[in-house]
1. Of ASN38, PHE107, THR148, which is farthest along the charge dipole of the range 1-151 in the positive direction, counting Lys and Arg as +1 and Asp and Glu as -1 at C-beta?
2. Using the count of nearby Cβ atoms within 10 Å as a rough guide to exposure, how do MET316, MET386, MET274, MET154 rank from fewest to most?
3. Could you work out Rg/(2.2 N^0.38 Å) for the range 216-396, with Rg from alpha carbons only?
4. For the range 211-220, in order, what is each residue's ³J(HN,Hα) by Karplus, 6.51 cos²θ - 1.76 cosθ + 1.60 with θ = phi - 60°, in whole Hz (x at glycine and Pro)?
5. Residues with beta-carbon under 12 Å from that of PRO88, excluding PRO88: net charge, scoring Lys, Arg +1 and Asp, Glu -1?
6. Within the chain, what is the longest stretch that has no GluC sites (Glu not before Pro) placed in a DSSP loop and near at most 15 other beta-carbon atoms within 10 Å?
7. Which one of PRO220, TYR287, CYS237 is farthest out on the positive end of the charge dipole of the range 216-396, using unit charges on Cβ (Lys, Arg +1; Asp, Glu -1) and the Cα centre as origin?
8. Would you mind ranking THR286, THR235 by Cβ crowding within 10 Å, fewest neighbours first?
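A short reminder: the numbers here are calculations on the coordinates, not readings from a lab. Just so it is clear, the structure is predicted and the values come from calculations on it, not from any experiment. Neighbour counts run over all protein chains shown; Cβ positions are idealised from the backbone, glycine included.
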Amino acid sequence: MPRTTKPLTNTEIKNAKPASKEFNLFDGGGLALRVKPNGTKFWVFNYIKPYIKKRTNLSFGKYPDVSLADARVRKSEAKSLLAKNIDPKDHKNQSEREAKQNLESTFGVVTEKWYELKAQRVKPESLKKIWLSFQKHVLPELKDIPVTDLKPRMALNVLEPVIKAGKNETAKRLARTINEIMIVALAMGLIEANYLSDLTKLIPSPKYKSMPTIRPEELPELMKAVFTANISKPTRCLIEWQLHTMTRPTEAVTARWEEIDFDNKLWVIPASKMKMNREHQIPLSTYVIKLLKVIQGFSAKREYLFPGYHSPRSHMNSSTANMALKRMGYKGKLVAHGLRALASTTLNENDFDPDVIEAALAHQDSNSIRKAYNRAIYLEQRRAMMEWWSNFILDASKGSLSVA
């Protein structure tokens, strides 16, 4: 007749004293409390492994961290697994591996890998802009979720506040970044399929607004406003520099003296600073060369043409010209980027070759075949066109309103 084991009590367990050798206090059903000579007490479950029929022990943890009641629950769970021919120790190890893998394959961890790869392909200022927005809107909600658990509905819920705020373009950019991160997860073998590849299709398309700009016939009024405005000379020079060279605000403020080729009358902007990641050469008109002489008066010993007011070793803020235009009364009528649109409109209305104009604006040709043939930069045609454009501005300035 099998021996009946009397169940343990909490008092017995608490009062159990260590001996010179470890010993077990049995609770029944394979569960025992093992007492070490140093006084440590921990639970063990003795059972027969399925199929191979070999006895082994499974630890349930230390007492009192794991109470008697908790140990009995774990024994019951282990026996339920054994009834299905599942080894509880193997099951525990598998669960721990999966838990560890989930910790190592969260969206936040994969995002770190994506960031590392992205930093090798894009300009630092571009990545910074993407990263700040992503940290604000996405990462706090999704960083701790395993990529295996991330589904489109969850990501869309995170983007919903951005969409409701009417920032659909921002939402689409964030969705594209999420997709890029999931592609990294797929490449790492963490997921078998990327269910977020079509996330952007669930976001309404943004309503694009044209950059506020003015008509060519309004240029004289603008030049008068620039001349009479209460702004610093460097800011006035910056506005004229951007207007005559037809460049983007960021390209204008980050111009370096080392990029200016006075001998060939060229401003060579390296590919790393251009939106299309391609070197851009800008022919400098006679007036722009004179303007550069004025600019040298306040920045010749600096790295940048337009040093920052508070940090002279850096450059002006890209919004400097824009803020000046607002103070001149052009809020909602004209932005700094709109100066490019003004140049484009004027040149197109005066029958200049559209391809030459697009090359001057450093626009990417949407026609892939024509783009391949138009690798030529039309430098001589652009030189003549830029000279004409500067003279047009000077005529609007009535000769005396320009800085130089």
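1. Working it through, the farthest residue towards the positive pole turns out to be ASN38.
2. Numbers: MET316 21, MET386 24, MET274 17, MET154 14.
Ordered from fewest to most neighbouring Cβ atoms within 10 Å, MET316, MET386, MET274, MET154 come out as MET154, MET274, MET316, MET386.
3. Numbers: Rg = 15.9 Å, N = 181, 2.2 N^0.38 = 15.9 Å.
Dividing the Cα radius of gyration by 2.2 N^0.38 Å gives 1.00.
4. Karplus values, whole Hz, x for Gly and Pro: 5, x, 8, 10, 7, x, 6, 8, 4, x.
5. Working: positive: LYS49, ARG74, LYS75, LYS79, LYS84, LYS89, LYS92; negative: GLU77, ASP87, ASP90.
Taking every Cβ under 12 Å from that of PRO88, the sum is +4.
6. Value returned for the longest uninterrupted segment is 23-191.
7. The one lying farthest along the dipole's positive direction is CYS237.
8. Working: THR286 14, THR235 19.
Lowest to highest Cβ neighbour count: THR286, THR235.
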